[in-house]
Amino acid sequence: MAENPAYDLAALKARLDGIALEDNPALMRQKSRDFYWYSPPLKRQLDEVSADLVVSPASEEEVRRVLEACFALAIPVTPRGAGTGNYGQAMPLAGGVVLDLSRLDKVLEISTGRVRAQTGAIIADIDNACRSSGQELRLHPSTYRSASIGGFIAGGSGGVGSITWGGLRDLGNIIGLRILTMEASPRILQLTGEDVQKVAHAYGTNGIILEVEMPLTPAFDWIQVIVGFDSFGEAAAYANALGEQDAILKKLVSVIAAPVPQRFFLRHRRYLPEGQHIVLAMIAPIAGAAFDSFTARWGGRVLFHSDRVGTEEAKSLPPLYELAWNHTTLRALRVEPSITYLQTLYPFPNQLALVERIHAEFGDEMPVHLEFVRFDGKITCFGLPLVRFTTEERLEAIIARHEAIGIPVFNPHRYTLEEGGMKQTDAVQLAFKREADPNGLLNPGKMIAWEHPDFAFESGKTYLFAGLAARPQALDHGTA
Ligand code: FAD
């Protein structure tokens, strides 16, 4: 980690007169954190990280003034939405300014199929604003109620909705981004088409997102269902088959093996009989009857159905998506603090066999959690297995074993883009960084390729967000 240099904070404060600033050490420390502590290695490495100043601009003009001043004084800037990211993404490794963008929170324009919002708008607030037009966002993280849309794009990957729409990596799931460069005179760039991928999942290392334009889809009061099975294999096969039912409109299909639900989903415990391996599903009401028939045919036991428990009871429980994605890990951690997790991809078409194989090897050390998604047009699943942490060496050995048998790991125990494994940096990405942040002042320490120009791009590793120099993975299918 870089040594914290002596920044000219007095000069910075003078230049930022009129903009909300915070230099109370406790508050700065709080705003310099995200959910990095899910990972024991990251907790060990990043615990002392703190900004030297938190700046909370209220307008685009104020953001521009902050970037201009920090560029002139060579002070690093780390953007922050709501700070719900994992991997220490929003943590200022070199100190300097944390740029809190939560006050840029307006929903600006809603029309058929699209919404334009400021970066700091909370995702649930965007959906609420879209409701009156009968529309909602295609996908959101399970941190829907707290995360910002700009933070999701710069730090997230997908989530609730990915079973139908894929992820942020898919062309078309982000329509456009308006960003500000980090230069002597910051410029506004409008990115559309494939260009949005330069900034998506780049941890704010190559421009500050000011506004986003996202596609919308018809809104539903999604039915929330928990289906139980006696055998884990049946639960996983049912979830895979449900994912493949193109005409049953759904937003979530997650599988969690017993005894995780029974031990960790405390608020839903009365619906979770011992031994039941569960599938969490969110189904559009128009598909409710079709879903019931499909589930009955598979012999699934409906343990919970949001339309059948009474309105008061349904309201008193957390939404099912807050048992899924990385919320599963959060609920487990609250009960068993030594738990951590991995993020894996079970490649199509061998996903179910690979799940069975790896979990047979690790047993109770690594309880199963799968999230089914549409990936390059096929239904497959990500793994977010829980891991009972013992040592960092053991964690590395578990990761190595996954990779050895063809299960890519997007390592949540690394804070750099490349080692995290979701984002492939390449010559195009690097050229864009040179253009948008020539002095390397945005979120320094997160892009290895910037700090080590001889970094080998061609590692042969699988990345979720493919590099831009090569053709996107999704377009490679079916071509000679
Ligand atoms: P932050 O954490 O504030 O920032 C994330 C990254 O974006 C940082 O690198 C930051 O520097 C950068 N950034 C923020 N704003 C800007 C901007 N305006 N311009 C440039 N860069 C910016 N992620 C998923 O993808 N799917 C999930 O289902 C999911 N579930 C989660 C569940 C839990 C319990 C937790 C703790 C995390 C989960 N995450 C998930 C990760 C995280 O919540 C999401 O990525 C979230 O959308 C981040 O939004 P945020 O506003 O909190 O961003």
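Every number in this text was worked out from the coordinates using simple rules, so none of it is lab data. Remember, it's a predicted structure, so these values are computed and weren't measured experimentally. Quick reminder, even Gly has a Cβ in these numbers, built from the backbone with ideal geometry, and neighbours come from all protein chains shown.
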Exercise. If you rank Asp246, Asp23, Asp125 by fewest surrounding Cβ atoms within 10 Å, what's the result?
Worked result: Asp246, Asp23, Asp125
Exercise. Mind checking the angle between helix 325-335 and the chain's longest principal axis? C-alpha axes, 0 to 90 degrees, to the nearest 10.
Worked result: 80
Problem set entry | Positive minus negative residues near Gly176 (Lys, Arg vs Asp, Glu; Cβ under 10 Å) | 0
For this session: Take Val428, Val279 and order them by how many other Cβ atoms sit within 10 Å, fewest up front.
Result: Val428, Val279
Exercise. Amide H to amide H, which residues 5 or more places from Phe465 or on other chains are under 5 Å from it, using H placed in the peptide plane?
Worked result: Lys423, Gln424
Seminar exercise, completed: From fewest to most C-beta neighbours within 10 Å, the residues Arg267, Arg116, Arg15, Arg44 line up as Arg44, Arg267, Arg15, Arg116
Problem set entry | In nm, spacing of pseudo-spin labels at Ala427 and Ala456 (7 Å Cα→C-beta vector) | 1.8
Problem set entry | Stokes-Einstein D for the chain, Kirkwood Rh over Cα pairs, 4 °C, 1.567 mPa s (µm²/s) | 56
Seminar exercise, completed: Distance in nm between Thr112 and Ser316 label points, each 7 Å along Cα→Cβ, equals 4.5
Problem set entry | Helix-only CD estimate at 222 nm, as mean residue ellipticity for the chain, using -39500 (n - 2.57) per DSSP H run (n ≥ 4) | -8000 deg cm²/dmol
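Which residues make up the longest stretch of the chain clear of GluC sites (Glu not before Pro) that lie in a DSSP loop with no more than 10 other Cβ atoms within 10 Å, not counting the sites?
Excluding the exposed sites themselves, the longest stretch runs over 49-273.
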